[in-house]
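One structure is given here, and the rest of the page talks about it.
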Amino acid sequence: MVKPTRVTNRIRALRFAHDEMTQAELAERIGVTRQTVIAIEQGRYSPSLEIAFQIAHVFKVPLEEVFQYPGSQEETT
Amino acid sequence: MSKILYITEKVMTLEEKRAWIRLVVAVAAYGGYVVVVLGRAAGRPPAEAPYAAALLWSVGAAIVAAIVAEVVAGAVNPKASRAKDVRDREIGRLGDYVGQSFVTIGAVAAMLMAVAGWDRFWIANVIYLCFALSAVLGNVTKVVVYRGNFPQW
């Protein structure tokens, strides 16, 4: 069944905290198009694990500080 | 708050433009072909109309038009990203997968019609119709996914 992604992220806040990094700069550093960064930020596209780690490396934070996923307890309620 | 947080500029990647171009070209080429053949039939049954030249011209013109339009689109707006990344490839694969079903349907239908002895007009046209539907459905899928959410299964 087709359903939207449940992965959320803090990329926008992290960009702001890193000298107001632009979407284009982030895109260039991880080797994707700016449209892909926009789609990831807006939760319209779940990136591959490799791109997710690259984004975390750019901001020098653990993966969990960039991407979040609802816990199992939340799913069952 | 900084303006970087609210970028509203809508610049398509080259791959999204290609999907739009191929969608429009497929609809225009097939629509033009149908109009020409029905015009030539002029009230007679469609199978009696001369169709072969129109069909070949329609297919050839669609290929040339798509190539020219993609070159022009790239030249007119050099700001648009020419890069192709993993998301473009995933969307491309999804669109091709969705559109491919009509190619299979067309091939099976044509095979059954040939076995049943249908007129060549109908066999050629069911194949062309399914090619056109494949292009339309595949490219509509790509455009919808580019504009919205990438589906999760």
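Tabulated data
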{"item": "Helices (runs of 4 or more DSSP H) enclosed by chain A - at least 1 residues per element that are modelled with pLDDT of 90 or more, within 9 Å of another protein chain (Cβ to nearest Cβ) and within 11 Å of the chain's Cα centre (by Cα)", "result": "A:11-17, A:34-41, A:49-59"}
{"item": "Residue in the stretch B:58-73 that is surrounded by fewer than 17 Cβ atoms within 10 Å (Cβ to Cβ), within 14 Å of another protein chain (Cβ to nearest Cβ) and within 30 Å of A:A24 (Cα to Cα) present", "result": "no"}
{"item": "Residue tally, condition among the hydrophobic types (A, V, I, L, M, F, W, C), in contact (Cβ under 8 Å) with a residue 60 or more places away in the chain and over 13 Å from B:V64 (Cα atoms), over the stretch B:16-35", "result": "4"}
{"item": "Subset of the stretch B:87-96 [free of Cβ contacts under 8 Å to residues at least 24 places away in the same chain and under 16 Å from the mean Cα position of the chain (by Cα)]", "result": "B:R93"}
{"item": "Selection within the stretch B:109-127 - surrounded by 15 or more Cβ atoms within 10 Å (Cβ to Cβ) and among the β-branched types (V, I, T)", "result": "B:I123, B:V126, B:I127"}
{"item": "Filter result for the condition that a residue is away from every other protein chain (no Cβ under 14 Å) and either touching a Pro at 6+ places or on another chain (Cβ under 6 Å) or touching a residue at least 24 places away in the same chain (Cβ under 8 Å) (or both), over B:V140, B:V126", "result": "B:V140"}
{"item": "Boolean, B:L23 is away from chain A (no Cβ under 14 Å) and either at pLDDT below 85 or surrounded by 15 or more Cβ atoms within 10 Å (Cβ to Cβ) (or both)", "result": "yes"}
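The values are calculated or read from the model by the stated rules, or taken from the named source; none is laboratory data. Everything numeric here is computed off the predicted structure, so don't read it as measured data. Cβ: placed from backbone, ideal geometry, glycine included. Neighbour counts: every protein chain shown.
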